[in-house]
Amino acid sequence: MTRKSRLLTAGSVIVLVALMVALLLMWRPAIAPVSTPPATSFDAQTRVAGARVVALGDCIVCHTAKGGRPFAGGLPLATPFGTIYATNITPDPETGIGNWSLTAFKRALRDGVSRDGHLLYPAFPYIHFTRISDSDIAAAYAYLMTREPVNATTPANDLVFPLNFRPPLALWNLQFLHAGPRPPDTSKDARWNRGKLLVDGLGHCASCHSPLNLIGGEKAGHGFDGGVVDGWEAPALNALSAAPKPWTQDQLVMYLRSGRASEHGAAAGPMLPVTRDLATVPDEDVQAIAAYILSIQKPTSSDADIPLDAKLANLAATQPGAALFAASCAQCHGPAAPMQSIGERPSLAFSTAVNAATPRNAIQMMLSGNGWHGEDRENYMPAFSQIYDDHQIAELASYIRATYSQRGPWQDVATMAARIRQENHAR
C-alpha cells in the first residue's frame, strides 16, 4: 500500500469514526406527546410572568412570518449555509407544540433537542436559552400554551450539504453548548447579575452582535464585537464608549425601550422589533440590560478628526449627493427641519450608522427605510430603493458621511450598495 493510499484509508476511518460518534451523540429519545393543557391549568400570575419572559426572549420576532399569525412560524432566517424556517410554537397539536410537555419544552431550550428527539439547528439560540431558570421556562411554557393555536406547517429548510443532515450538529454542540444555568457573580450587585443573565441568556444578544466562525459558532474571544444579521450590521456592544457621544445609562435605556436615542439615532432593521418587545417589560429589566452592557466596554481609539483641508476636498468630491440630500433628506434631517428643532430626530452627526466603519447600515436605511408602525411612527423613514440607483445611493451616503461625520470617507460605497441591493432582493 502506497503512502497516499494509507493516508486516504486513515482519513476515511477518521471520518467514519467521527460520523459514528456524531450519531451516538445526537441520539435522544422521544418524549411522549401529551394532550394540550387547557388554558385554565395555568394561573394568571404565571401567564403574566411568561409574557415577560417571551418578550425578553424576542420569541415573537423570530417565530412570526411577515404577514403571518403570531408565533406560527414560517419566517425565513438567512444563514451563511442556507435558509432555516422558524417553527410554529403555538399550541396547535399537529403543527405546533400543543402536544409538548413542560419537560420536552425545557429540553428544547436547554439542550436544543425537539420533542421527537431530533436536534434543533442553532439558529434557535439554545446555547443562550440554556441559561434560563426553571421558573422562567415554566412561565414561558404557560404563556405559549395559552396562545391561539394556529395550524401552520413550517416550510422545509433549504441548507447546503452536509448541513441539511443533522448528525454534525452533535459535534457542533460539543464545542458550543455548555448546558445549564450559570451561578451569579457574587462580586457584582443584583442589577449587574440580572443584566448579564438577560443579555447572555434570554436576550441572546451575542447571537447577533458577535462575529461567527466558519462553522457558524460565535467566534471565541470576540463576543459582542459586532456581526451581520439579515444584511444589517449589528454594532459592537462593547464599543459604545467610542460613539461621537459615548452612550449613557439613560440614553441606552431610552433606545432599548423606544427604539430612539436623542444623541445616537433610531433603531432599524432587525433591532426595531426587539425594542418593541422591550417596551413591554418592566423598566428594571431594561435598566439591568443597559447597566451590564455598559460594564463590558473595551478601551477603543476612534478615528482622528479629518483635517479641514481634507474635509473640504472630501465635501467637494461628494457634491452630487448634496442635491439628492436636499431633495429627499433635508425635510427631516436638515438643520432647519421641524423635527430637528423639536428634538424628535437626532442629528445625523451622532448617528451610529453615519459614524460606522462601513456604510452598510446607512445604505440599508436608504434602500429599505423604516416601515410605518403606529406604535413607533417617529422611526418612520421611506425606502428609496425604487427611487435611486446604486450610484445615487452611494453619492448620497458619501455626502452624508462627509458632511456629518468627523471620520474618514467610506471606500467602495457603490460596490456595497449594489451588493446590499442584491442581498435584499434574494431574501
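Net charge near Pro320: determine it from the other residues with C-beta under 13 Å of the C-beta of Pro320, scoring Lys and Arg +1 and Asp and Glu -1.
After counting each charged neighbour, the total is -2.
Which order results if Arg401, Arg110 are arranged by neighbouring Cβ count within 10 Å, fewest first?
The order, fewest Cβ neighbours first, is Arg110, Arg401.
Which one, Val228, Ala267, Phe161, projects farthest toward the positive side of the charge dipole computed for the chain from Cβ point charges (K/R +1, D/E -1)?
Comparing the listed Cα positions along the dipole, Phe161 ranks first.
I'd like the orientation of helix 249-258 relative to the chain: the angle between its Cα long axis and the longest Cα principal axis, in ° from 0 to 90, rounded to 10.
Result, in degrees: 70.
On average over all directions, what projected area in square nanometres does region 27-171 have, based on the convex hull of its Cα atoms?
Mean projected area for region 27-171: 8.4 nm², to one decimal.
Measure off 7 Å from each Cα along the Cα-to-Cβ vector at Glu148 and Ala383, then give the distance between these two points in nanometres to one decimal.
2.6 nm
Take Tyr380, Tyr404, Tyr143 and order them by how many other Cβ atoms sit within 10 Å, fewest up front.
Ordered by Cβ neighbours within 10 Å, fewest first: Tyr380, Tyr404, Tyr143.
So, in nm, how far is label Ala357 from label Val34 when the simple model puts each one 7 Å beyond its Cα toward the Cβ?
Output for this residue pair reads 4.8 nm.
Please give the charge dipole size of the chain, origin at the Cα centre, charges +1 on K and R Cβ atoms and -1 on D and E Cβ atoms. Round to the nearest 20 debye.
The dipole of the chain has a size of about 1100 debye.
Can you give me the pair-distance distribution of the chain, C-alpha pairs, 20 Å bins, whole percents?
Bins of 20 Å from zero give 23, 52, 22, 2, 0 percent of pairs.
Any read-out appearing in this document is the output of simple, stated calculations on the displayed coordinates, not a laboratory observation. The model shown is predicted, which means the values in this text are computed figures rather than measured ones. A quick note on method: Cβ atoms are made from the backbone with ideal geometry, for glycine too, and the neighbour counts reach across all protein chains shown.
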